[in-house]
Amino acid sequence: MTLSWNEPSSDGGSAILGYHVDRKEKNSILWQRISKALVVGNIFKSTGLVDGIAYEHRVIAENMAGLSKPSKPSEPMYALDPVDPPGRPVALNITRHEVTVSWTKPEGDGGFSITGYTVERREMPNGRWLKANFNNILETVFTVSGLIEDATYEFRVFARNSAGAVSAPSQSSEAITCRDDIEEPRLDVDASYSSNVVVMAGEVFKLEANVTGRPIPSLVWTKEGKELEDTAHLEIKTHDFHTTLINKDSLRRHGGAFTLTASNPGGFAKFTFNVKVLDRPGPPDSLTVTDVAAEKCVLNWLHPTHDGGAKIEYFIIQRRETSRLAWTNVATDLQANRFKVTKLLKGNEYIFRVMAVNKYGIGEPLESEPVICANPYVPSDPPQQPEVTTITKDSMVVCWDRPEHDGGSRINTYIIERRDKTGLRWVKCNKRTVTDLRFKVSGLTLGHEYEFRVLAENNAGLSQPSPSSPFYKAIDTIFQPGPPGNPRVLDTTKSSITLAWNKPVYDGGSEITGYIVETCFPEEDEWTIHTPKKGWSATSFTITNLKENQEYKINICATNCEGVGEPAAVPGTPKAEDRLLPPEIELGAELRKVVCIRACSTLRLFVPIKGRPAPEIKWSREHGESLDKANIEITPSFTTLQVENVDRFDGGKYMVTVENASGSKTAFVNVRVLDTPGAPQNLIVKEVTRDSNSVTLTWEPPLLDGGSKIKHYIVEKRESTRKVYSPITTCNRMSWKVEPLPEGGIFFFRVLAENEYGVGLPAKTAEPIKISEKPQPPGKVSVIDVTHSTVTLTWEKPEHDGGSRISHYEVELAPKDSEAWSVCASVKALETVVTNLLKGEEYQFRVVAVNDKGKSDPRQLVQSVVAKDLVIEPTVRPKVSTYSVQVGHDLKIEVPIAGHPKPTITWTKDGAALKQTTRVNVTDSAHHTTLTIKDATREDGGMYSINIANALGSKDATIEVITLDKPGPPTGPVKLDDVSAEDITLSWEPPTYTGGCPISNYVVEKRDTTTTNWVVVSATVARTTLKVGNLKTGAEYQFRIYAENRYGKSYAIDSEPVLAQYPFQEPGPPGTPFVSSYTKDYMVNSILWTKINKMLIQDCRFKSAPLEEGIEYEYRVYAENIVGIGKCSKVSEVYVARDPCYPPGRPEAVIVTRHSVKLRWTAPEYDGGSLITVKSMMSSLSRKTKSTTKTGCDRCDQGECFLGLGQTRTRWRQQNHWLPGRSTGERPGEVGQVWRNQVHPHYSVRSEGECRVLL
């Protein structure tokens, strides 16, 4: 606690020297002095308090005359941590006469719970703070009423805890004006609620939102259109501007869309919270049982409304009979929403249930209504009486009509039965399902009579049989055959006609036995049969012995066992005459396709031909190729062509031409010889490029692909000096870029096609290809010298010569602003002098490079040149001022210079002329001076100066060359500091020569002088000092140090040998010990001596215990340092182990006169076990000097002495003496004042406890 007080109203005639502070607990009567010294000022901090205890304090003032009476005690205050102020009040709602404010709780409650708040208000701008609440406020919201409309207020809050501590006031609120404002509600929702709120089943989820608006909006929570209220698991907390919905023990059904609606007269606002509870799924929807039969049924259902927040993995179906309680699994891993349940017992009643399963488990079941397994239909009515429509000797076609009623189930099949008239059993005729209303019954016996009946079958079973049909006999019905089909004339001669026809479509039910051909003249009706009497069995016939050029009508009839059928007339009236037929070529199906044949096989083409008269036959090829290899055979009816050992060139079109008096005809046969392909066509070099040293080849497919698709092409090359081609690549394109090729090389190229039969013939480049092109333009063109009639030009080589050597350069000139360029020089060098110029004329120049591929683009001089004598002041401009070179490497420094006439160039190093050698030399040109240093050494570093001069003056430039090398050795000597038995501190100086770069580290090594082996102490020393530890005491060491940079290690420097030992000796003896305090049980030795070492040591006091009462003791002390133990001290005096005497009571001044003071004190509480024999007194003359003067006699009960005192303040103390010695305590008396200026004070001491001081 921090105390403060006011000064006394009166200082008693003397300035206040300070204050004393006392305190006590609230329930105690004992005051304790807590200020150890006078308190200067009127503020004091009371410490050492016990938490939660109430304390009272009082203050006593002190001046020269003494202590004042104590002040009134302060109010009891609890020793508690302060309560932090509440948060700044914020207005939640404002009306004309009320303001609702809220604040946050204090961060610190002082160790006790907050029990209430106090709200104050102040009218702006100059009103007083007034208390706004008359009851204790427990919440952090309060409505301040009784306010004035349109007045402006500010508010603040105090917090109070259960210990009674009150906080400082909070920060004042903003200025608030009391008026009715309408503000549309707005909902402030955390961004995390914008997505689904996902919780596990059994967990708690909380939805909360802040709302703003005036007046305070009403808040309503709804779900699925219904307003929510507090339940056992749902809790809604709503304050003015905040609402929270808490759902405990969340279940699946608790998920969904929660809508929060805030409304006031200004409008409304909504926000929807989507909550997904991860749980087992809910029950499926709409379980129905359909298609119920005696042994089966079909279940249908929908996915659950609540999937538990996870995908439905499968369904489980169970069943139980209503007479039982146990459920039986029907399906345990079903993905569909439909299932057919089988193996049910007819007539039993079943209940089915379906459960959905997700990754969280098995959901709730949905049970069906009880279902009895029975068929919902009956057998159908019998079909109508069957009829037979078609009868043969072994089959009949039976027809019937559907039953009148199908029994409630569709007809699945019909069963047809027959019964022989001579038998009694009905035999099933069909083995397969019959759904049609007609069926052909086969396997009947010729001549037997049969009757038929039909049964219908549906899901309920077979119906009754239909009425039987009449009996039908199995026998064929025979008629005369129909007319032959398509009668036609095949050929005619002057005495015959050849006919052909097809069999009749209808044979009358009996086999055709033959044909009859008959003729008659057109004008007559008498028919003449030309076929044998038994008939003609073939379908073609030649009528002979006819009259030449006579026309005939011709009929053809078919016969069977029933007789002659209807005739078929040959169209027209054919005439018996020789026919002229145009030639025809009848290519077979194989020849109409492509004839494929492997190479080295024999090709044979057989071509039938027709024509009257016999045509002439001629073979040829499409492109006129020779047929020398072919063997050709020609007859009136066919021709053949045969080629042995064919190859790719024998493929193509073979054409055959037939010709007679009626015309000619040509046909061709495509022959494909399966062989390797021919050579690719039109192989050309499309492009030769310099950038990538490449050649681009293009070609076309071969004319002959060998009868197979070209798989790829093979590109090969050969150098002109070699005979063998080497492959480059295989590609599917008809172009290829060959790279990289050696620049200037001369190559031949060829391309081969490959199909599935092998690699074909090559296509080659006719001429060798050189890998070059016209050169690039020359480099920078510069003017070296200009006179009144000449210009000296120089230029750089082209960046690339095109792959062919530059033969020469052409220099062209033209007057300024003219394009009339003319060649003025043709040279092989990179420099030329253009002469015969006109003085004062301005010219422009350009240079062209020429090789065997042609001329390059020209490179033009940037500026035009005037033919006149030039005078240029010398200049020198080094590119950089500092160069670095590693020792052993080469350095080339090129410095641009200018000047006309040509200046003289002088190099110096470190102020002396540069001495040129075979290693160091200087070369000069018109625009540069170059210093070249080969195999640089450390001595090549330094400052280089360049001086150029001509008639117009001189210029200087300086360049610094830094040589990079291993550093020089560190600078010695090596200093050895802080030498001890275990470690030594080394220090040294950096090297004089660092090698042109910073020293990266130092390497320190050591060796025992008894060996020659050096051991690395540290290889990463960054500074020039190192403490080396782990040394062997008494061993002699030598140290070695290297400097290291990025280029290597320097030579080493060695230290002097050094012995690892301490540089000091054992300590001397301590001073003589003496006993400072003792009892009968212990003594404390105070050991005093002179400090002779710098090391820290322990205290010089020691408590000797336990001791035996009445025994005499003496002591001596040894000192020990890091070297060892020193000599012992002198022996102390002899001391007896007894308890000391307690001090007398505090002296009090009884009578004070001008020359004496009478003192009184009480006897000691404990005399140490012996009689008090002597009292002595001491006086303190000054508080400032703190000196003490002994007064009286040390060995008597009474004594007087005189001490010169002026106007002083004196304090007394008393010591008791007893036989063993003096008491150890002293109590100062009160302070008095003396105004007589006497030299010697006189003290009178009495043993009974009074003393008089005479002044």
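The values are calculated or read from the model by the stated rules, or taken from the named source; none is laboratory data. For clarity, every value in this text was computed on a predicted model and none was experimentally measured. Every residue, glycine among them, receives a Cβ derived from its backbone with ideal geometry; neighbour counts consider all protein chains shown. Side chains included, ligands, DNA and RNA excluded: accessible areas come from the protein's heavy atoms. Shrake-Rupley method; radii C 1.70, N 1.55, O 1.52, S 1.80 Å.
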Ordering of 602-610, 24-32, 646-654, 827-835 by packing [mean C-beta count within 10 Å, highest first]
646-654, 602-610, 827-835, 24-32
How far apart, in nanometres, would the label points at residue 166 and residue 334 be if each is projected 7 angstrom from Cα along the Cα-to-Cβ direction?
7.8 nm
Here are some pairs, 686/770; 709/737; 206/276; 723/774; 105/248; which of them have Cα atoms lying more than 20 Å apart in this structure?
709/737; 723/774; 105/248
From the C-alpha coordinates alone, can you work out the Kirkwood hydrodynamic radius of segment 387-474, in Å?
13.4 Å
Could you sort 839, 131, 248 by their accessible area in this structure, using a 1.4 Å probe and putting the largest first?
839, 131, 248
Relative contact order for the chain, counting Cα pairs under 8 Å that sit 6 or more residues apart, in percent:
3 percent
Per residue accessible area of segment 452-569, 1.4 Å probe, in Å²:
54 Å²
Rounded to one decimal in nm, the spacing of the 7 Å Cα→Cβ label points at residue 664 and residue 401 is 7.7 nm
In square angstrom, what is the accessible area per residue of segment 36-187 with a 1.4 angstrom probe?
58 Å²
Give me the percent of the accessible area of the chain that comes from carbon and sulfur atoms, probe 1.4 Å, all protein chains in place.
49 percent
How big is segment 780-870 along each principal axis, measuring the range of its Cα positions in Å and listing the largest first?
41, 24, 20
For the chain, what percent of Cα pairs sit more than 46 Å apart?
81 percent
Counting all Cα-Cα pairs in segment 256-350, those more than 15 Å apart amount in percent to 72 percent
Which stretch or stretches of segment 1018-1041 have amide N atoms under 16 Å from the point lying 7 Å from residue 978's Cα along the Cα→Cβ direction?
1022-1031
With respect to the cross-link table entries 780/909; 36/69; 780/915; 975/1006; 26/72, which display a Cα-Cα separation exceeding 24 Å?
780/909; 780/915
5 Å-binned pair-distance histogram of segment 81-133 (Cα, whole percent)
5, 15, 21, 24, 17, 10, 5, 2, 0
Whole-angstrom gap from segment 883-935 to segment 161-232, using each part's C-alpha centre
86 Å
Just subtract the alpha-carbon distance of residue 732 and residue 384 from 0.36 nm times their residue separation and send over the number in nm, one decimal.
117.7 nm
Report, ordered by chain and residue number, the aspartates and glutamates lying within cross-link reach of residue 618, taken as a straight Cα distance under 13 Å and ignoring same-chain residues fewer than 8 apart.
633, 659
Equivalent-ellipsoid semi-axes (√(5λ), Cα gyration tensor) for segment 581-674, whole Å, largest first?
24, 12, 11
Of 503/553; 797/879; 473/503; 853/892, which pairs sit farther than 32 Å apart, going by alpha carbon to alpha carbon?
853/892
Which order, highest average first, do 159-170, 902-913, 309-320, 716-727 follow once you tally other Cβ atoms within 10 Å for each residue and take the mean per peptide?
159-170, 309-320, 902-913, 716-727
Based on the Cα gyration tensor of segment 665-726, what are the three equivalent ellipsoid semi-axes, each the root of five times an eigenvalue, rounded to whole Å and given largest first?
35, 14, 10
Cross-link reach list, aspartates and glutamates versus residue 711, counting only Cα pairs under 17 Å and skipping chain neighbours closer than eight places:
675, 700, 754, 756
Tell me the net charge near residue 302. Cut-off is 14 Å between Cβ atoms, residue 302 excluded, with +1 for each Lys or Arg and -1 for each Asp or Glu.
-1
Share of Cα-Cα pairs in segment 183-278 beyond 16 Å, in percent?
53 percent
Between residue 600 and residue 506, what length in nm is gained on full extension when 0.36 nm per residue of separation is reduced by their alpha carbon distance?
28.3 nm
Sequence neighbours fewer than 8 away in the same chain don't count; with that in mind, list the lysines whose C-alpha is under 17 Å from residue 1127.
1091
Per residue value of the accessible surface for segment 285-373 (all protein chains in place, 1.4 Å probe), Å²
56 Å²
Longest to shortest principal axis, alpha-carbon extents of segment 975-1054, angstrom
42, 25, 18
Once fully extended, how much extra length lies between residue 623 and residue 1128, figured as 0.36 nm per residue of separation less the alpha-carbon to alpha-carbon distance?
168.0 nm
Sequence ranges 1008-1017, 438-447, ranked by mean other-Cβ count within 10 angstrom, highest first
438-447, 1008-1017
With only Lys, Arg, Asp and Glu charged, each at its Cβ (+1 for the first two, -1 for the last two), find how big the charge dipole of the chain is about the Cα centre; round to the nearest 20 debye.
3820 debye
Would you mind getting me the FRET efficiency between residue 819 and residue 870? Use the beta-carbon distance for r and R0 = 25 Å, nearest 0.05.
0.40
